[in-house]
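First the structure, in the form of structure tokens, and then the observations on it.
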Amino acid sequence: MNTRKPNTFAPRLILVAAATATLALATGGCAVVRDQQPVGSYIDDATLTTRVKAKFAADPTVSAMAISVETLKGVVQLSGFAKDESEKDAAARLARETSGVMAVRNDIVVRKG
């Protein structure tokens, strides 16, 4: 008569592996694809972009449609075309004055003629 115990090692191994994988994913945090920023940081950047664009839309001297705004880790990058130097300067000033903006990179090109 065989009084052998059933093999309980395999189910335990699977359970430990699943728990380890879950722990690794949970402590690693969520990240978005773009530059592996944490989700909170990405949302903050999206909020800054929205705030700057809203200021552009409210200001009659700046064309919100002609100037693009990108934000990464609190640094706002402006690009696009301005009708004159004063529009370019006003866009940079509005971006700098936006709460939460760490720095502004002004790559706006002034159209000639």
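Each value in this text was obtained by applying a stated rule to the coordinates, not by laboratory testing. Here the structure is a predicted model, which means the values were calculated and not measured. Positions of Cβ are generated from backbone atoms using ideal geometry, with glycine treated the same way; all protein chains shown enter the neighbour counts.
A few comments on the model shown:
- Restricting the range 60-113 to trypsin sites (Lys or Arg not before Pro) in coil, as DSSP defines it, with at most 16 other Cβ within 10 Å: K73, K83, R111, K112
- 3J(HN,Hα) couplings calculated from phi for the range 84-95 with the Karplus curve 6.51 cos²θ - 1.76 cosθ + 1.60 (θ = phi - 60°) are, in sequence order, 7, 5, 5, 5, 4, 5, 5, 4, 5, 5, 4, 5 Hz; Gly and Pro show x.
- Summed side-chain charge close to L94 - residues other than L94 whose Cβ falls under 12 Å, Lys, Arg +1, Asp, Glu -1: +2
- Cα centroid separation - the range 78-96 against the range 42-66, whole Å: 12
- Distance between the pseudo-spin-label points of D89 and A58 (7 Å out from Cα toward the beta carbon): 2.3 nm.
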